[in-house]
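Worksheet for the structure shown next.
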Amino acid sequence: MQKIILYHNQRCGKSRGALALLEARGIIPEVRYYLQDPPAPDELKALVAKLNIPAEALVRKNEPLYKEKYKGKELSENQWIGILSEHPVLLERPVVVWGEDAIIARPPEKVLAWLDRIHFPK
């Protein structure tokens, strides 16, 4: 069976909350520490496809780096993908993936409804 993957920042309370909710359901996800191991552009393209969102929607708009360098700029999908790969701190979190489906678990409780929707085995 495919594992659930959690794009995780251990310093983020929402990310820790999503991990705790998964574990409370008996799910031990494959934890992807994306700050230490940034996703490659192809991985990010696949991720936004699974989320069914444009790459810009995966950008954390409250990060100082975004405000200083990218706020208000009109950038292409490929440019946003490159920026997220180069600056993983801008990646929204937590992101939870199973197969071809994914969710941005903000608030973390969204992961519970998502698990029910995708019929994740208990």
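Can you figure out the FRET efficiency of D42 with C12, using R₀ = 25 Å and their beta-carbon distance, to the nearest 0.05?
It comes out at approximately 0.50.
How long is the gain from L112 to Q2 if the chain were fully straight, where each residue apart is worth 0.36 nm and the alpha carbon distance is subtracted?
37.8 nm
Check cross-link reach from K45 to the aspartates and glutamates: straight Cα distance under 17 Å, and skip same-chain residues fewer than eight apart.
Those aspartates and glutamates meeting the cut-off are D37, E56, E77, E86, E92, E100, D101.
What span do the alpha-carbon atoms of the stretch 5-117 cover on each of the three principal axes, reported in whole Å from largest to smallest?
42, 27, 23
Compute the separation of the alpha-carbon centres of the stretch 1-16 and the stretch 56-122 and state it in Å as a whole number.
Result: 12 Å between the Cα centres.
In debye, nearest 20: dipole of the stretch 5-117 around its Cα centre with unit charges on the Cβ of K, R (+) and D, E (-)? Don't jump to the answer; show the numbers that get you there.
On the way: 17 positive and 16 negative charges, 98 e Å.
Taking the Cα centre of the stretch 5-117 as origin, the dipole is about 480 debye.
Restricting the count to DSSP beta bridges whose residues both fall in the chain, what percent are antiparallel, rounded to a multiple of 5?
75
For N52 and V31, calculate 0.36 nm times their separation in residues minus their Cα-Cα distance, and state this gained length in nm to one decimal.
So the extension gain works out to 5.4 nm.
May I ask for the Kirkwood hydrodynamic radius of the stretch 54-122, worked out over all distinct Cα pairs and given in angstroms to one decimal? List each step's numbers first, then the result.
Numbers: mean 1/r = 0.0746 Å⁻¹.
Hydrodynamic radius (Kirkwood, Cα only) of the stretch 54-122 equals 13.4 Å.
Taken together, the values in this text are just the output of simple stated rules run on the coordinates, not laboratory data. Values in this document were obtained by computation on a predicted structure and should not be read as measured data. As a convention, Cβ positions derive from the backbone with ideal geometry for all residues, glycine included, and neighbour counts pool all protein chains shown.
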